1. State all residues of the stretch 63-86 that are in contact with a helix residue (DSSP H, G or I) (Cβ under 8 Å, 6 or more places away or on another chain), more than 16 Å from LEU160 (Cβ to Cβ), without any contact (Cβ under 8 Å) to a residue 40 or more places away in the chain and not small (Gly, Ala, Ser); if no residue qualifies, say none.
2. Please state which of the following conditions GLU285 fails to meet, knowing it meets all the rest: (1) in contact with a Cys (Cβ under 6 Å, 6 or more places away or on another chain); (2) assigned to a loop (DSSP other than H, G, I, E, B).
3. Would you confirm whether or not the stretch 56-67 contains a residue that is farther than 25 Å from ALA217 by Cα and not in a loop (DSSP other than H, G, I, E, B)?
4. For the stretch 289-301, which residues satisfy the criterion of being part of a helix (DSSP H, G or I), out of contact with any His (no Cβ under 9 Å at 6 or more places or on another chain) and of a type outside the set (S, T, N, Q)?
5. Looking at GLY405, is it at pLDDT 95 or above, within 20 Å of GLY353 (Cα to Cα), small (Gly, Ala, Ser) and within 21 Å of the chain's Cα centre (by Cα)?
6. State all residues of the stretch 161-199 that are of a type in the set (Gly, Ala, Ser) and either under 15 Å from VAL95 (Cβ atoms) or assigned by TED's automatic domain parsing to the domain that holds THR317 (or both); if no residue qualifies, say none.
7. So, in the stretch 1-47, how many residues would count as being polar (S, T, N, Q) and either at pLDDT 95 or above or within 18 Å of the chain's Cα centre (by Cα) (or both)?
8. In this structure, is VAL307 over 23 Å from GLY238 (Cα atoms) and not assigned by TED's automatic domain parsing to the domain that holds LEU375?
Amino acid sequence: MTAGTAATTPGTAAEAVAVTGLGLVTPAGIGTEATWEGVCRGVSAARRDPRLGGLPVDISCTVPGFSATRHVGRRSPLVHDRFVQLAVAAAREAVTDSGLDPRTWDGARVGVVVGCGLGGVTTWEQQHRRMLESGPNAVSALLIPLLVPNMAAGHLAMELGATGPNLVTATACASGATALGTACALLRDGTCDVVVAGGAEAGVSPLIVTGFARMGALSRRLAEPAAASRPFDADRDGFVIGEGSGMLVLERRRDALARGAPVRALLAGYGASADAHHMTAPDPEGAGALRALRTALDQAGVMPSEVDHVNAHGTATPLNDAVEARVLRKLLGDAAAVTSTKGVLGHALGAAGAIEAALTVLALQHGTVPPTANLDRQDPGVELDVVAGAPRRGRFHVALSNAFGFGGQNAVLLFTTP
């Protein structure tokens with residue numbers, strides 16, 4: 001079924017997948033409720049970061065008050081890099097929220113898919129410094145299992161007793177959304193009955209921040225960090241690096257209904273594409289992003305006119321916001337309420353797509369679109385209805401969540417109300 005012949009009920013073109021659990025650990029707070037309240041306040045979490053002192057850019061959005069010992073476990077600092085710690089904390093909340101019990105489920109039917117773009121970069125930097133300063137014998141014997149990206153999924157499998165497919169997707173800043181799309185395929189083809197899927201990233205390290213700064217990707221509004229991340233604003237000049245994790249528990253809709261689970265939303269469509277254009281810049285015509293959007297609509301059996309909310313990729317970089325705005329305008333017009341939560345949270349890189357997917361689910365569930373922080377003067381070239389200033393309340397039934405990554409990798413998720 002194509003978007004032009006969509007059924008009247010969204011989600012009937014392909015079997016919709018139920019979202020039955022959410023877990024969030026973000027710069028707006030630890031836990032889904034704290035994060036939702038933070039993004040709805042619309043106040044940026046960006047601050048000067050002492051770990052980045054002396055660098056050309058020294059602002060970031062980090063998770064406040066997160067303690068690996070308290071939020072994960074006593075041994076966690078010894079065996080987990082921070083990106084894994086964030087993933088475990090978010091996944092625990094998501095599984096609890098779903099009402100499923102890992103002690104009783106058939107682990108062979110449970111999959112884990114986590115998006116991560118970088119892996120344990122903090123561990124890598126720290127251990128490299130040790131080797132240079134004190135020699136090879138000072139390097140941790142756990143260096144490799146601490147830093148490789150697949151350990152986010154590996155540790156979740158051990159935590160949850162999930163012995164089904166265990167994957168990490170790496171599509172740069174689209175990684176978390178790609179993970180959710182991959183999870184849908186595992187459910188629809190019958191490989192899994194439950195998939196814990198999302199993204200995790202902890203890339204706020206001196207080397208990574210310096211790399212992005214050298215590229216010119218980061219905001220230089222250092223004197224007022226809370227105003228630095230400005231998606232779709234005429235004065236935007238780059239993103240603020242962030243961190244965090246978003247995890248969702250996904251099941252086939254019929255299975256969730258059979259066990260009487262509350263369904264937060266339906267993941268009804270997924271589209272993926274490649275620009276095949278440039279290492280870091282988006283295709284100026286947005287052809288790949290448009291193709292991913294149309295694929296998600298087609299898979300869900302939804303017409304463009306039915307979309308009433310978009311959680312945009314909205315990085316606050318000049319090129320990304322301009323291209324994304326043109327594509328959305330071309331496909332949807334200006335009827336959908338658009339937001340970018342990166343104004344509050346910064347850019348969590350490989351975790352961003354999953355965090356924003358969870359926030360899209362909450363927007364549908366609460367009938368509320370969070371505001372785009374720091375949108376004081378909308379770029380005249382952004383011909384969209386971008387929510388700013390305060391949350392917008394209404395009846396929202398169909399929403400898109402966009403995620404685009406370096407290498408021209410695009411992933412779009414379409415959610416509907418149950």
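The values are calculated or read from the model by the stated rules, or taken from the named source; none is laboratory data. Small disclaimer: the values here were computed from a predicted structure and weren't measured. Note: ideal-geometry Cβ built from the backbone for every residue, glycine included; neighbour counts use all protein chains shown.
1. Within the stretch 63-86, THR69, PRO77 meet the criteria.
2. (1)
3. Within the stretch 56-67, none of the residues are farther than 25 Å from ALA217 by Cα and not in a loop (DSSP other than H, G, I, E, B).
4. Just the residues of the stretch 289-301 that are part of a helix (DSSP H, G or I), to begin with: 289-300.
Cutting the leftovers down to out of contact with any His (no Cβ under 9 Å at 6 or more places or on another chain) gives us 290-300.
Residues satisfying the conditions are LEU290, ARG291, ALA292, LEU293, ARG294, ALA296, LEU297, ASP298, ALA300.
5. Values: at pLDDT 95 or above: yes; within 20 Å of GLY353 (Cα to Cα): yes; small (Gly, Ala, Ser): yes; within 21 Å of the chain's Cα centre (by Cα): yes.
So GLY405 passes the test.
6. GLY161, ALA162, GLY164, ALA183, ALA197, GLY198
7. So the answer is 5.
8. Criteria not met by VAL307.
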